Amino acid sequence: MKIAFAGTGGINKVHARAAKSLGLELAAAVNHKPESMIEFGNKFGISRQYDTVEAMLKDGEVDALVVSTPNYLHASQTIAALNAGVHVMVEKPMAMNAQEAQQMCEAADKSGALLMVAHCWRFHPEVQWLKGQSTKLGKIIRTKAYSVHVHWGPSGWFAQKQFAGGGAMADMGVHALDTTRFLLGSPTSLRLCKDRHTLWKLRCR
Ligand SMILES: NC(=O)c1ccc[n+]([C@@H]2O[C@H](COP(=O)([O-])OP(=O)(O)OC[C@H]3O[C@@H](n4cnc5c(N)ncnc54)[C@H](O)[C@@H]3O)[C@@H](O)[C@H]2O)c1
């Protein structure tokens, strides 16, 4: 498996370490900022370096791409890779809005390549343990979850709407929401709750 990385910042260093430990071939890196990419390339022994995803795809020889760029780039970089038949793991939040997310799913369906969103909390040992207990918990009728940054606060592009999109809910709330849905077996809402009375009519799949 030859794996490429779009973005060479904080979380892609974590993904590159993980890919290396699994014995995957770290094939290429993409960033419009050469200094960051050179440092990443040196650290992980990646000599193929590109300033756009399209240029990297043109050269081929990549099986999968990890997209860990600012959120506004997730959809376009993901769709470009999927259209080239390259599997994608895109960081959360998946996209800037539901329309983009839908387009990404359609591109995956059309190409046959796999699309995965990096909802990493699903793989946390405590979450995995809880998932194993879920059949013993009875019918769950209400949940509460939260997700916060510890010893760090978002700044830079993370705090700019045009690059990050939906704010705290999209950035961190999505972890709590996805983990809860994962533990509940991906329920879908049957109707919008307009009042307290309607809320009790909601059922999980
Ligand atoms: N799943 C998780 O737990 C988790 C944790 C941290 C971050 N994230 C997500 O990962 C993404 C990246 O976060 P980060 O903390 O690594 O941010 P970061 O700012 O450290 O890294 C972003 C990288 O993208 C690069 N970049 C910017 N424009 C680019 C372009 N046009 N082409 C290629 N590269 C470009 C930047 O130079 C930088 O290297 C975000 O969507 C964030 O929400 C997820």
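The values are calculated or read from the model by the stated rules, or taken from the named source; none is laboratory data. Model, not experiment: these values are computed from the prediction. Neighbour counts run over all protein chains shown; Cβ positions are idealised from the backbone, glycine included. These area figures cover heavy atoms from the full protein model, side chains too; ligands, DNA and RNA do not enter into them. Shrake-Rupley method; radii C 1.70, N 1.55, O 1.52, S 1.80 Å.
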* In a shell of Cβ-Cβ distance under 15 Å around residue 67, excluding residue 67 itself, what net charge do Lys and Arg (+1) and Asp and Glu (-1) give? -> -2
* **Between 0 and 90°, nearest 10: helix 34-44 axis offset from the chain longest Cα axis** => 80
* Please give the contour-minus-distance gain from residue 169 to residue 157: 0.36 nm per residue of separation, less the Cα-Cα distance, rounded to one decimal in nm. => 2.8 nm
* Structure fact -> Residue-normalised 222 nm signal for the chain, counting each DSSP H run of n ≥ 4 as -39,500 (n - 2.57), nearest 500 deg cm²/dmol, is -11500 deg cm²/dmol
* Calculate the radius of gyration of the Cα atoms of segment 1-96 to one decimal place, then report Dmax, the largest Cα-Cα distance, as a whole number, both in Å. => 11.7, 33
* **Accessible area expressed per residue, segment 46-205, with surrounding protein chains retained (probe 1.4 Å, Å²)** => 66
* Charge dipole of the chain about the Cα centre (unit charges at C-beta), most positive-ward option of 89, 4, 44 -> 89
* Asked: When the accessible area of the chain is computed with all protein chains present and a 1.4 Å probe, what percentage of it is carbon and sulfur?
  -> 57
* Asked: Any idea what the dipole of segment 123-190 comes to, in debye rounded to 20, about its Cα centre with Lys/Arg Cβ at +1 and Asp/Glu Cβ at -1?
  -> 320
* Nearest-20 debye value, the chain charge dipole, Cβ charges on Lys, Arg, Asp, Glu -> 1320
